[in-house]
Amino acid sequence: MTDTAFSTWHIKDDIRSDEDAIGYLNAALEERDSASLQDMLDVVARARGMTGVARTSGLGREPLYKALRPDSKPSFDTIMRVADALGAQLYSFPQKHQHGSGA
């Protein structure tokens, strides 16, 4: 029997560039689920370094961790401050018409 070593993989390990980070944030936004966006903001913030994101956002490090916990409900202001600190801009676009909508 051979010993096999497995390394622990985390999605934040895949975020190596601004494009990677924005791609993951956009995918979370496409889910149309606030928990998905909050989770991805947390992942990207951890990949970038929570201390720096906290400093840039104007939030303390502990309040940032608390705001991005799965059981928290961060304010829109907090979401925008974190997005800004990550170099992301959140935009709105007209919804694509759903099939069968008659449009």
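The values are calculated or read from the model by the stated rules, or taken from the named source; none is laboratory data. No experiment lies behind these values; they were computed from the predicted model shown. Methodologically, a virtual Cβ is constructed for each residue, glycine included, from the backbone with ideal geometry; neighbour enumeration extends over all protein chains shown.
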Which members of the stretch 49-85 meet the condition of being farther than 17 Å from residue 37 by Cβ and either touching a strand residue (DSSP E or B) at 6+ places or on another chain (Cβ under 8 Å) or basic (Lys, Arg) (or both)?
-> 55, 61
Pull up the stretch 15-29, narrow it to residues that are under 11 Å from the mean Cα position of the chain (by Cα) and of a type in the set (Gly, Ala, Ser), then point me to the one that is surrounded by the most Cβ atoms within 10 Å (Cβ to Cβ).
-> 21
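Quickly run through the stretch 68-81 and pick out the residues that are surrounded by 18 or more Cβ atoms within 10 Å (Cβ to Cβ) and either in contact with an Asp or Glu (Cβ under 9 Å, 6 or more places away or on another chain) or of a type in the set (Phe, Trp, Tyr) (or both). Break it down stepwise before answering.
First pass over the stretch 68-81, keeping only residues surrounded by 18 or more Cβ atoms within 10 Å (Cβ to Cβ): 68, 74, 78, 81.
Matches in the stretch 68-81: 68 only.
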Residue among 57, 36 that is of a type in the set (Gly, Ala, Ser), under 19 Å from residue 88 (Cβ atoms) and at pLDDT 95 or above | 57
